Amino acid sequence: QVQLVESGGGLVQAGGSLRLSCEASGSIFSINTMGWYRQAPENQRELVATITLGGSTNYADSVKGRFTISRDYAKNTMYLQMNSLKPEDTAVYYCNAYLSPHWYSSTSSYWGQGTQVTVSS
């Protein structure tokens, strides 16, 4: 059973910083692309940032220059360093991973349960 567990969310004032973590555990053979997504109330879930197996990164325009995505491949953990936070960054942040549970399995998409980030003005 594969689990993705996010941590690090919370309440912060505008201009502040938070660091989110996402640890993948369970039966994992390989992890390809990992990413962070977010969903604000009454909005659709949107891409925040992704990082490939090779370390290539991609960011939403709204977070470029403020957020940094990274991975610890040995720990199957992904991070999102969020600086200069704005009230519009308030959302539930979800971890996503494309991974294979076994050597014979195809790659599938897995999601974490989400962590709330609230930025006050």
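The values are calculated or read from the model by the stated rules, or taken from the named source; none is laboratory data. On a predicted model such as this, the values are computed, not experimentally measured, just so you know. So basically every Cβ, Gly included, is an ideal-geometry build from the backbone, and we count neighbours across all protein chains shown. Calculation scope for accessible area: heavy atoms of the full protein, side chains included, ligands and nucleic acids excluded. Shrake-Rupley method; radii C 1.70, N 1.55, O 1.52, S 1.80 Å.
Out of all the residues in the range 100-121, which are part of a strand (DSSP E or B) and farther than 10 Å from Phe29 by Cβ?
Taking the range 100-121 and keeping what is part of a strand (DSSP E or B), we get 100, 108-111, 115-120.
Of everything in the range 100-121, those that are part of a strand (DSSP E or B) and farther than 10 Å from Phe29 by Cβ turn out to be Ser108, Ser109, Tyr110, Trp111, Thr115, Gln116, Val117, Thr118, Val119, Ser120.
Residue count for the range 75-121, restricted to those that are more than 15 Å from the chain's Cα centre (by Cα) and of a type in the set (Ser, Thr, Tyr): 10.
Just checking, how many residues over the range 52-70 are open to solvent by 40 Å² or more (accessible area, probe 1.4 Å) and either in contact with a Cys (Cβ under 7 Å, 6 or more places away or on another chain) or within 18 Å of Thr33 (Cα to Cα) (or both)? Even if it seems obvious, please write down each step before you answer.
Residues of the range 52-70 open to solvent by 40 Å² or more (accessible area, probe 1.4 Å): 52-54, 56-59, 61-62, 64-65, 68, 70.
This time we only want the ones that are either in contact with a Cys (Cβ under 7 Å, 6 or more places away or on another chain) or within 18 Å of Thr33 (Cα to Cα) (or both), so: 52-54, 56-59, 68, 70.
The total comes to 9.
Would you check if there is a residue in the range 27-42 being surrounded by 16 or more Cβ atoms within 10 Å (Cβ to Cβ), within 20 Å of Gln116 (Cα to Cα), of a type in the set (Val, Ile, Thr) and under 15 Å from the mean Cα position of the chain (by Cα)? No, the conditions are met nowhere in the range 27-42. Here Tyr59, Tyr104, Tyr37, Tyr98 are screened, and the one residue that is in contact with a Lys or Arg (Cβ under 7 Å, 6 or more places away or on another chain) and among the aromatic types (Phe, Trp, Tyr) is Tyr37. Taken as a whole, the structure places Ser21 among residues that are hydroxyl-bearing (Ser, Thr, Tyr), within 30 Å of Ser105 (Cα to Cα), assigned to a strand (DSSP E or B) and in contact (Cβ under 8 Å) with a residue 12 or more places away in the chain.
Here is a yes/no grid of residues against (1) without any contact (Cβ under 8 Å) to a residue 12 or more places away in the chain; (2) β-branched (Val, Ile, Thr); (3) closer than 30 Å to Ser120 by Cα:
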residue: Glu6; (1), (2), (3): no, no, yes
residue: Gly10; (1), (2), (3): no, no, yes
residue: Ile31; (1), (2), (3): no, yes, no
residue: Ser62; (1), (2), (3): no, no, yes
residue: Ala74; (1), (2), (3): yes, no, no
residue: Glu88; (1), (2), (3): no, no, yes
residue: Ala91; (1), (2), (3): no, no, yes
residue: Tyr94; (1), (2), (3): no, no, yes
residue: Ala97; (1), (2), (3): no, no, yes
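Among the candidates Gly15, Gly112, Gly8, single out the residue that is of a type outside the set (A, V, I, L, M, F, W, C) and out of contact with any strand residue (DSSP E or B) (no Cβ under 7 Å at 6 or more places or on another chain). First the steps, then the outcome.
Details: Gly112 fails: out of contact with any strand residue (DSSP E or B) (no Cβ under 7 Å at 6 or more places or on another chain); Gly8 fails: out of contact with any strand residue (DSSP E or B) (no Cβ under 7 Å at 6 or more places or on another chain).
Of Gly15, Gly112, Gly8, the one residue that is of a type outside the set (A, V, I, L, M, F, W, C) and out of contact with any strand residue (DSSP E or B) (no Cβ under 7 Å at 6 or more places or on another chain) is Gly15.
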